[in-house]
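I have placed the structure first, in the form of structure tokens, so that the comments after it can refer back to it.
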Amino acid sequence: FLLMSTEEYGLEITNNGPITTGAQATVHASLSMKNDSVASNLYHFNWIYAPLILIEKSEQRFNSVINVTGEFPGTFPVSVWVTHRNCWLCRPVARNVTMLQITEFITGNLTIAQIEDSRFITHGSSSSTGAVTRISFCLHDPSNYFKSASFVYNWYFGDGVYQITKEPFVYYNCSTMRNRTVHLKVIAEWEQIGSIIHERETVQKTGDFTTALELLDAVKSINVVGSRETHVMENLSLSLHINGTPPLALCWLIKSECIPLEGEKCHLVVINGSCYNLSHTFSDAGQYCLSVRVENGMTMLQTYHEIKVWPIGIHPAFFVLLCITLVSVTLGLVLYTTFRSNTQQKDLVEVADFDFSPLSDKNLSSHSESGCGQICCRLCFLRSSQEAARESHELLHSFYKPVKMYTV
């Protein structure tokens, strides 16, 4: 619609066309004030709809609705302007126009839905290979013009397959990856009283519709490749590998918990391949979750990836290394202490009693022999030849008496 108004008022006008000839269309006009101070209690809506035929008109304070019909196909303008009710000759406060399309054929459109888990999931004109798809015809009849008509639907799928049904839908199994165009011819018949001879006559209307059926592979898996741990203020890079036919609408969000993604409250990107790289820097430590949703206009899949964020300079490997070091040092000290206590034993030392008083060599040798025999023979044999040579020399006169000393 085209919006035309003054600076103080706004006027919106819409219609529910297109319609078939003989049916009724509804045209709605709504007045709004941009400034509350200019509001008035009385307004009048003036319509121009020729050559259409007015069926009904209703008017409220700020709204007006008319129902019109047309006997000839074409595109017809319907305009309206609004004036103050107590001032017919005053300048209109707002005006607008809409274009109503009237056709001699049946109006409607085709929709495609894929069957998943016993439910119908609407996906526009896309469907996955190997899946059962429901193609439906939606009749556009706002005035219930075809309420007494019977319909026949002729389907053609572009691969030599024809099908005729009395229901406005058909099931089709997409088994090959090849895009195709679905054709539908709709025939409606009913009886009505003729306008000339006033006898019952059969009326028939037809409509031809086509839609492109795009066959896609469903989004089967989302693989998140990358580390599950990082540090604060450290850039974390993750790679998303998607098994599905592009283009793909990818939506991701990082929160403290895993949540299902609905609507557009996430980072939404469109990719034409099967891989997407994302990076994120965390400002706070804690446990986080990456939620990912991928859809290709036909199927949708979600996955989650948990991420642990550590404070700066702390990593779990540091604690493991510290524990191993402490255990190793403690075990080494225990082994060293045990080894030292076993090896450091005190040895018993026997010392002979020697008399260093001045004696003759004879007395010295006899004394040595007697001493050696009385104390320990083993000590005598252990003496080296040098010690024996020194003992054979004459010693200096001792100023002290010999003292017997034992050292242990």
Looking at the structure I just gave you, is THR245 modelled with pLDDT under 90 and not aromatic (Phe, Trp, Tyr)?
yes
Taking the stretch 262-296 and keeping residues within 13 Å of the chain's Cα centre (by Cα), open to solvent by less than 20 Å² (accessible area, probe 1.4 Å) and hydrophobic (A, V, I, L, M, F, W, C) leaves LEU278, CYS289, LEU290, VAL292, VAL294
Which listed residue is at negative phi and open to solvent by less than 40 Å² (accessible area, probe 1.4 Å), from ILE66, ILE55
ILE66
So ILE55 passes all but one of these: (1) assigned to a strand (DSSP E or B); (2) over 46 Å from the mean Cα position of the chain (by Cα); (3) modelled with pLDDT under 85; (4) of a type in the set (A, V, I, L, M, F, W, C). Which condition number does it fail?
(3)
Residues in the stretch 78-110 that are assigned to a strand (DSSP E or B) and either more than 30 Å from GLN204 (Cα to Cα) or without any contact (Cβ under 8 Å) to a residue 24 or more places away in the chain (or both): how many?
10
Considering only the stretch 70-89, state which residues are open to solvent by less than 30 Å² (accessible area, probe 1.4 Å) and over 50 Å from the mean Cα position of the chain (by Cα).
GLY70, VAL82, THR83
One residue is enough: does the stretch 104-123 have a residue meeting the conditions at pLDDT 90 or above and in contact with a Pro (Cβ under 8 Å, 6 or more places away or on another chain)?
yes
Per the filter on the stretch 228-256, residues under 12 Å from the mean Cα position of the chain (by Cα) and either more than 20 Å from PRO311 (Cα to Cα) or in a loop (DSSP other than H, G, I, E, B) (or both) are LEU240, ILE242, ALA249, LEU250, CYS251, TRP252, LEU253
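When only residues in the stretch 129-174 that are polar (S, T, N, Q) and in a loop (DSSP other than H, G, I, E, B) count, which is farthest from the chain's Cα centre (by Cα)? Break it down into steps so the answer makes sense when it comes.
From the stretch 129-174, those polar (S, T, N, Q) are 129, 133, 136, 143-144, 148, 150, 154, 163, 165, 173; that's our starting set.
Filter again for in a loop (DSSP other than H, G, I, E, B), leaving 129, 143-144, 148.
Values: THR129: 24, SER143: 44, ASN144: 44, SER148: 49 Å.
Per the stated criteria, the residue is SER148.
The values are calculated or read from the model by the stated rules, or taken from the named source; none is laboratory data. Nothing here was measured: the structure is a model prediction, and the numbers come from that model. Every residue, glycine among them, receives a Cβ derived from its backbone with ideal geometry; neighbour counts consider all protein chains shown. Accessible surface is based on the protein model in full, side chains and every heavy atom, while ligands, DNA and RNA are left aside. Shrake-Rupley method; radii C 1.70, N 1.55, O 1.52, S 1.80 Å.
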